1. Sequence-distant or interchain residues sharing an amide H contact under 5 Å with B:R55, placed H: which?
2. Run the numbers on the range B:2-106 and let me know its relative contact order in percent, using alpha-carbon pairs under 8 Å that are six or more apart.
3. How crowded by other chains is B:14-22, given as the mean number of beta carbons from other chains within 10 Å of each beta carbon?
4. What total accessible surface area, summed over both chains, is buried at the interface between chains A and B, computed with a 1.4 Å probe and given in Å² to the nearest 100?
5. Apply the Karplus curve 6.51 cos²θ - 1.76 cosθ + 1.60, θ = phi - 60°, to the phi angles in the range A:145-160 and return the couplings in whole Hz, x for Gly and Pro.
6. Using the heavy atoms of the protein chains and a 1.4 angstrom probe, tell me the accessible area per residue for chain B in square angstrom.
7. Roughly what % of DSSP beta bridges within the protein assembly as shown run antiparallel, to the nearest 5?
8. Leaving out ligands, DNA and RNA but keeping every protein chain, what accessible area does A:T164 have, in Å² rounded to the nearest 10, with a 1.4 Å probe?
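The values are calculated or read from the model by the stated rules, or taken from the named source; none is laboratory data. Remember, predicted model here, so these are calculated numbers, not experimental data. Here the Cβ positions follow ideal geometry from the backbone for every residue, glycine too, while neighbour counts run over all protein chains shown. Calculation scope for accessible area: heavy atoms of the full protein, side chains included, ligands and nucleic acids excluded. Shrake-Rupley method; radii C 1.70, N 1.55, O 1.52, S 1.80 Å.
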Amino acid sequence: MCQDCGCGLPGEKPVGISTHPHTHDHDHPHHDPHDHGHSHGESGDPHEHAEDHEHRRTLEVRRSILDKNDRLAERNRGFFRARGLLVLNVLSSPGSGKTTLLRETIRRLGSRLKTGVIVGDLATDNDARRLGEAGATAVQITTGTVCHLEAEMVARALKQLDLTGVGLLVIENVGNLVCPASYDLGEDLRVVLLSVTEGEDKPLKYPPIFQSAGVAVVTKMDLAQACDYDRDTAIANLRRVAANAPVFEISAKTGQGMDAWCDFLVRQHQALKTRDPLGL
Amino acid sequence: MQSALNQALDQARQAGAVRVHEIRLRIGVLSGVVPEALQFAFEALSDGTPAEGGRLTIEHVPARFWCATCNREFEAIRLFTECPECHNPSGELRSGRELELASLEVD
């Protein structure tokens, strides 16, 4: 369950993971419903001593609530580094063009940079199938009612992903501009999308997610004119919230900006080789 | 909220406490968390646990950025990253993303 919005009610279907391209066996084997933070009898202290705990006392804890996720994310990060993978966490609202952008990216990168994909959605494996058809190795995570991906789900999906020859791993998060901001997955770069149809003020309405962006991509540029997209305002708004994120303006449909975007990814991947493996 | 509550109950159990009267969280304004949703979820989830009937207190942590030009820290106004002095945007967030279990009142 998400501590942000309360999604993922208890008793709901567990998170499912399926690979693509593959046979469409929708009777997913029963993966463990990820139970956050239950440490079963960690201390083993049955506190059977006669207690005089009438007095209230204060326990100082000072621990991050997402401690567990953050630790698992770092474990993922170590795995990615060791394999020399460039990992993107792609975030946007539903319908702003994540899958279309990725499909075109995979197609254009081709053998230049082999791509693997982990896709998160509440239900269906449609996106993994689409991306699989574009030439990527793809695994679908169906989250049930959970509105974001967590590091642990990614770790489990990785087990089913054939990473042979893969240099770029793209994690397409659940379409949501709120909760995924809080969950590190172990990525190198957060890519936040803003489509021209959503309005120029989206970054101002959802500052946390845009603030966390490593890269911002404006999508559906082919529709810019049709929806009176005000470019200057949109870029200025992105700058106000995500000051240092490079901005790419792209139409996956017409190909506008795709070369610059793909070149950027290739350069980022090459840069990994010169980076200290421990990131020190 | 489930993870916050689990963590709180674990801590309380480890300290030998039987009741949790209050859970105090520190939540950064840039954490993406909606406090009202937390309150609602807390009431729903704490039923039947040692925290039932307890109180959830949220301390808000403002977003603070570092301005390299002015060599100082500033509190972000309406979450924008520009320095109020020199108006340059800052990319260095110093605080505001916290999601922290601060302390518990137990007995």
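1. B:E22, B:I23
2. In percent, rounded to a whole number, it is 38.
3. Taking the mean over all residues of the peptide, I get 4.
4. 3800
5. Whole-Hz 3J(HN,Hα) from phi for the range A:145-160: 10, 7, 8, 7, 8, 10, 4, 5, 5, 5, 4, 6, 5, 4, 5, 9.
6. Here the per-residue accessible area is 44 Å².
7. 45
8. Estimated to the nearest 10 Å², A:T164 gives 90 Å².
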